[in-house]
1. Place a point 7 Å from the Cα of A:R261 along the Cα-to-Cβ direction; which residues of region B:159-196 have their backbone N under 17 Å from it?
2. Within 10 Å, at most 13 other Cβ atoms, and a DSSP state outside H, G, I, E, B define an exposed site. Report the longest part of chain B free of exposed chymotrypsin sites (Phe, Trp or Tyr not before Pro).
3. What value, in deg cm²/dmol to 500, does the helix sum -39500 (n - 2.57) over DSSP H runs of n ≥ 4 give at 222 nm once divided by the residues of chain A?
4. Length gain on complete extension for the stretch A:S3 to A:T177, per 0.36 nm per residue less the alpha carbon to alpha carbon distance?
5. Rounded to the nearest 0.05, what FRET efficiency do B:S102 and A:Y78 give with R0 = 45 Å and r taken as the Cβ-Cβ distance? Could you check?
6. Just A:S21, A:S41, A:S139 to compare: in a GNM of chain A, with alpha carbon springs under 10 Å, which one fluctuates most?
7. So what's the gap between the Cα centers of region A:123-147 and region A:258-287, to the nearest angstrom?
8. Pairs to check: B:K12/B:K81; B:K53/B:K218; B:K39/B:K218; A:K196/B:K262; B:K81/B:K127; A:K40/A:K218. Give those whose C-alpha atoms are more than 23 Å from each other in this structure.
Amino acid sequence: MLSVRDLGVAFGMVQPLSGVSFSVNKGETLGIVGESGSGKSLTAMSVMGLLPLSGGRITGGSVEFDGQDLTKLPERAYRKLRGGRIGLITQNPMTSLDPLQKIGPQVDDVAKLHLGLDGAEARARTEDILGTLRIPEPSLICERYPHQMSGGMKQRIVIAMALAADPDVLIADEPTTALDVTVQAQIIRLLDDLVKERDLALVLITHDMSVVAQTCDKIVVMYAGRAVEHGPVEEIFDRPRHPYTQALIACIPRGLDDATRLTGIEGTVPTVLNYPKGCPFHPRCPRAEAICATDPPEFSVAGDSAAACHFAEVANAQPA
Amino acid sequence: MPNLLEVRDLSKRFTSAGSAFRKARSMHAVNGVSFDLAKGRVIGVVGESGCGKSTLARLILRLIEPSGGAVHFDGDDLLAKSPAQMRRLRARMQMVFQDPYSAIDPRYTLARAVAEPFEVQGVTPEKPMTDEVAGLLEMVGLNPGLATSYPHQISGGQKQRVGIARALALRPSLLVLDEPTASLDVSVQAQIIGLLEDLRSDLGLTYLFISHDLSLVKYFCDEILVMYLGRVVEALPDTAAPARHPYTRTLMESTFEPDPKKRRLIAPLEGEVPSPFDLPPGCAFVDRCPNASALCRSETPALSTETGHAVACHHPI
């Protein structure tokens, strides 16, 4: 449904994103996971065609959606797509909601704009969608303002807005990061159900490996503006081949099942101004050798997954 | 081990100012919390936003004044102390804050930030100050060469290390850690947690660890207090204890494992968290609880202790 190939992004002379590839099909959830500054939100912005707003431009690669390359799409055509066939859910619901407008009209507008419905039709659709998102008494909620609602409820409204135009692809950028765990679990379940019921293609962007493990079919692990490993979620968690993925998994407390000590990763996440040459992870990598500091690694494919590491073959031979 | 900290029926009521248009309202941010923390142990306080866990941390150090209850630290009744006595005692009980960005004065060099506790307490360190600062920076895994740097020149993880060095400066016995890793990336979080584990065994520290992250609390702590809307609803004597309160179970089931083979079946949760200004009578979890009965709507369940595993529920699991 959506296929990104070798995407690169620049802001002036700075290249915060390069060589990002992934694809997602209907009824499938793809997780893009990485720490702060890894370029995951920028990837979402690129796919949504929102880069020019912040002064960025796509320097290479393609974003293919339903047979057309979005990087070559004129802005007018993009507007039809954005919020229409491709929906976006942001981390903070208040960046998507107008604090001065009631909920009903805000959701109605999406269906009016993208589906050409009139006021009454749009409202009926809005109430219908709110109902499917298990929001009690949709007609009452339509008359409320955002400040009268809890964070979890606001995020449901944002999801309703994203669904109002019946999208094929949903991009969710940290949709549960601002929420409490019990609310997060509810939103994740909701997204899971939507993918199945509506045959949606969901791109879930998150820093949380546990959320990825819970809900995704495939994942892309990003580090310092690059995809470093991608593949089916079971394979990546069972046999991570990139040292960064291995370290990231070792950083997560597993409660009782595993009493092994958390290791952490030496050093800090690089910022876009000091991305290392060669492999971006080499200054923090326990396995790094001279070649890692000079040559960016190619993807080494094994089965359905691939890791961008000079020593991915070796990593595969040793159980992680 | 003797108790380093004894908290009894600690409460804090906040009242909002009334006006011509609105009646004054009050809420119990912390309501009748009691627990003992033995020397060398780590107790985790876990709960969602607004449950009162950070207020509890501040009440214990008397950074805000409790409305009722008692806190004993190493035998001293803290609420009976004068501000001057309290200040001296705080040398032995320190806090590490969630946001290392706002915990350090941006105009101070790291050396000055780490030396500030000595200044405040009027204590002269045994070694010359520069050596003392270098020693503290090394203790938290920072290069002593950073002493002349400013906070904006270092990363978030390094700042949190400075926050810990400051807290350790006066050799405290108790550290209250208020979400010390919540603003950090996971790879850095793991570093800081490892550092705190090392410091605990090297210096014989006792921790009160506040967090919203149940997996982290399970990993790091010996005992767990689960808070919901100001009250402790369950006190797990060890991290392997099964949940007995329906809220604790909900919390556990909402916490995902980093393993695709252990996916959770997420049961839909009815109801919203009630407003703390307008709590229902009886149990605060009643509207979201699958086991709720008429009794739960009329009577607030007390924290009953059975074999050291206390639960505040009329129908425990």
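The numbers here are math on the coordinates, done by the rules we state, and not lab data. Since we're looking at a predicted model, the values are computed, not measured. Heads up, the Cβs are rebuilt from the backbone with ideal geometry, glycines too, and the neighbour counts pull from every protein chain shown.
1. Residues B:188-196 fall inside that zone.
2. In chain B, the maximal stretch lacking such sites is B:22-276.
3. Taking each H run of at least 4 residues, the total per residue is -9500 deg cm²/dmol.
4. 60.1 nm
5. 0.65
6. Among A:S21, A:S41, A:S139, the largest mean-square fluctuation in the Gaussian network model of chain A belongs to A:S139.
7. 45 Å
8. B:K81/B:K127
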